[in-house]
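The values are calculated or read from the model by the stated rules, or taken from the named source; none is laboratory data. Since this is a predicted model, take the numbers as computed values, not measurements. Every residue, glycine as well, gets a Cβ built from its backbone with ideal geometry; the counts of neighbours run over all protein chains shown.
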Amino acid sequence: MRELLDEIRRWREEGEDVVIATVVGTRRSAPRPVGSSFAVSSSGALCGSVSGGCVESAIAQEAEAVFADGRPKLLTYGISDDEGWNVGLPCGGEIDVFVEKVE
């Protein structure tokens with residue numbers, strides 16, 4: 001978490017806008033616990049993790065809308081355990097991620 005905060009501080013000092021995504025709920029087997037965070041700068045830099053790599057690119061795309069209109073989003077990502085094994089994602093489960101612009 002310290003690394004994430006340091007990076008956000010640096011981005012803000014450089015004049016970048018920042019969106020932060022935080023895991024606020026999990027169901028079944030989840031790759032990261034509640035409280036895990038991921039940040040995206042307005043230049044596209046990334047830091048942290050909410051899923052161990054499974055959904056970060058989707059969140060980075062969702063961050064574009066949050067940068068544009070400033071409205072936070074609550075997103076849910078998940079896959080059944082059976083589907084997960086079939087596509088090589090052994091964690092299965094679901095995560096709820098709150099995405100908001102840092103003010």
Against the definition (touching a residue at least 40 places away in the same chain (Cβ under 8 Å) and among the basic types (Lys, Arg)), how does ARG27 come out, yes or no?
yes
Restricting attention to the range 51-76, the residues that are within 12 Å of VAL18 (Cα to Cα), among the aliphatic types (A, V, I, L, M) and touching a residue at least 12 places away in the same chain (Cβ under 8 Å) number exactly 3
Over the range 30-59, the set of residues at pLDDT 90 or above, among the aliphatic types (A, V, I, L, M) and either under 21 Å from GLY93 (Cβ atoms) or in a strand (DSSP E or B) (or both) is VAL34, ALA39, VAL40, LEU46, VAL50, ALA58, ILE59
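Condition (residue is closer than 24 Å to GLY35 by Cβ, at pLDDT below 65, out of contact with any Pro (no Cβ under 8 Å at 6 or more places or on another chain) and assigned to a loop (DSSP other than H, G, I, E, B)) applied to the range 72-88: is it met by at least one residue?
No; the residues of the range 72-88 include none that is closer than 24 Å to GLY35 by Cβ, at pLDDT below 65, out of contact with any Pro (no Cβ under 8 Å at 6 or more places or on another chain) and assigned to a loop (DSSP other than H, G, I, E, B).
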